[in-house]
Amino acid sequence: MDSIVKKIATMKARIEWGNEMGYYFYHQPVRSLGGTRVLVNGREMLMFSSSDYLGLFNHPAINAAAHAAIAEYGTATYGSRLLSGTLPLHCELEEKIASFKGTEAAIVFSSGYSTNLATISTMVGRGDVVICDKLNHASIVDGCMLSHAKLVRFKHNDMADLEKCLSAAGAGARKLVVVESVFSMDGDIINLPEVHRLCKKYGALLMVDEAHSIGVMGKTGHGIEEHFGMQGSIDIKMGTMSKTIPSVGGYIAADRDTIMYLKHVARAFVFSVALSPVAAAAAKAAFEVIEDEPWRLAVLQRNIAHFLNGLKALGFDTMQSKTAIVPIVCGKDERTLKITKLVQEKDLFVLPVLSPAVPPGMSRIRATVTAAHSEADITRALDVLGEAGRMVKLLK
Ligand SMILES: Cc1ncc(COP(=O)(O)O)c(C=O)c1O
């Protein structure tokens, strides 16, 4: 059998096995009723799998901005930003992002995935070295591969290993270090002070993916630099507008020359249609709401503490998470699937993350808590998870 036919057959068999066992949880059409409730196959479930960290879903000011954009521009842009696709809205959004992130300029792409792909493959190339944390998101890895730079990976958040990689790259090579601020599967935080120090020592450029920190880290939600009190320490600040920002798209905030270069050379920007007016308007309004409604962050922090402390008290292993992304380690894939089935039967919507997405034996439920959850929601989720954990003998 040729290799692609074999791969398709293996995937088919895995999905069929999942369906037979009641373990296939993917591609379920989910209707949203509000930030914390979803309708799945007609059943209302408590949502603990959303990236709406600040609870901005359906925010009236964001919805109003989206409606106004449709009224003025319709639903499409029909052109690349370089040619006929740039609207005043795109420029206003980029100005807002630059001021939010404290940089000279910003550029928006039509997804977070394409932002990483396009930026990394534009900023480095053959002969350069790109150094990544082992747990970096697939979009970062794909961007590195597309760049043809030499890809080197250091052990997760291990600064001694990062230094080894930087030193081995050699003084002559152009070096780019790429890390996430909050890691999307483990929920832990990058050691930015050390990464920054090492980048300076070895003359490397630093790019940080803030998909899971924008709006939710730092005293006022401005991100990882604010969290560590290190404003201006990251050269290339990347973020998505599909998580805390309830829209779609991604951005890079950086100095004016870098942004000018990306706007003329990054292929996913030059050769792809501009972000829709609705997405641009909603995103801009969301950045404004984050600054206008700081109480949301306080509620999120309270909810994170409630959920994490509750899980730990039950005996769950939540790894190093201190954020809204909470891994609940179950061990083997099959046990993770069993717990997911049990909790979904009790109307708690969480999803399993299995190997090879995570190391074997580290399969987990990936839960997320948001500012929209009430105390009662969190208590209910803890009760359901605790009961399932005891049923599969993960907990005593
Ligand atoms: C760390 C990280 N970077 C990039 C992306 C891609 O963003 P988007 O889904 O907006 O394309 C994600 C999405 O899950 C992510 O978690």
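The values are calculated or read from the model by the stated rules, or taken from the named source; none is laboratory data. It should be emphasised that the depicted structure is a prediction, and the values quoted were computed from it without experimental measurement. Ideal geometry is used to build each Cβ from the backbone, glycine not excepted, and the neighbour counts take in all protein chains shown. Accessible surface is based on the protein model in full, side chains and every heavy atom, while ligands, DNA and RNA are left aside. Shrake-Rupley method; radii C 1.70, N 1.55, O 1.52, S 1.80 Å.
Within the set K12/K341; K243/K263; K243/K341; K7/K263; K341/K396, which residue pairs have Cα atoms separated by over 29 Å? Too far apart for the 29 Å limit: K7/K263.
Sites counted here are chymotrypsin sites (Phe, Trp or Tyr not before Pro) in a DSSP loop (not H, G, I, E or B) having no more than 12 other Cβ atoms within 10 Å; the longest part of the chain that contains none of them is 79-270. Our coupling estimate for the stretch 148-158, obtained by passing each phi through the Karplus curve with A = 6.51, B = -1.76, C = 1.60 and θ = phi - 60°, is 6, 6, 6, 9, 10, 10, 9, 4, 3, 6, 9 Hz, Gly and Pro reported as x. Note on the chain: semi-axes of the ellipsoid equivalent to its C-alpha gyration tensor, largest first and rounded to whole Å, are 33, 27, 22. The charge dipole of the chain, taken about its Cα centre with unit charges on the Cβ of Lys, Arg, Asp and Glu (plus for the first two, minus for the last two), comes to roughly 1080 debye. The value of relative contact order for the stretch 1-48, using C-alpha pairs under 8 Å at least six residues apart, is 19 percent. Helical runs assigned H by DSSP (4 residues or longer) give the chain a calculated mean residue ellipticity at 222 nm of -14000 deg cm²/dmol, each run adding -39500 (n - 2.57) before division by the residue total.
With a 1.4 Å probe and every protein chain left in place, work out the accessible area per residue of the chain in Å², rounded to a whole number. Heavy-atom SASA per residue in the chain reads 44 Å². Can you tell me how the stretch 1-130 classifies by the Cα gyration tensor, rounded, prolate or oblate, using a/c under 1.5 as the rounded cut? Judged from the Cα gyration tensor, the stretch 1-130 comes out oblate (a/c at least 1.5, b/c at or above a/b). Of M207, A64, F269, whose Cα points farthest to the positive end of the dipole of the chain (charges on the beta-carbon: +1 Lys, Arg; -1 Asp, Glu; origin at the Cα centre)? Positive-most Cα among the choices belongs to M207. Counting only DSSP beta bridges whose two residues both lie in the chain, roughly 60 percent are antiparallel.
Once you reduce the stretch 148-166 and the stretch 87-129 to the center of their Cα atoms, the two points are 24 Å from each other. Comparing mean-square fluctuations of M362, M319, M21 from a GNM of the chain with C-alpha springs under 10 Å, the top value falls on M21.
List every residue whose amide H lies under 5 Å from the amide H of R153, counting only residues 5 or more places away in sequence or on a different chain, with H placed 1.01 Å from N in the peptide plane. When sequence neighbours closer than 5 places are left aside, the close amide H contacts are C132.
Using C-alpha pairs under 8 Å with a sequence gap of at least 6, the mean separation divided by the residue count of the chain gives a relative contact order of 22 percent.
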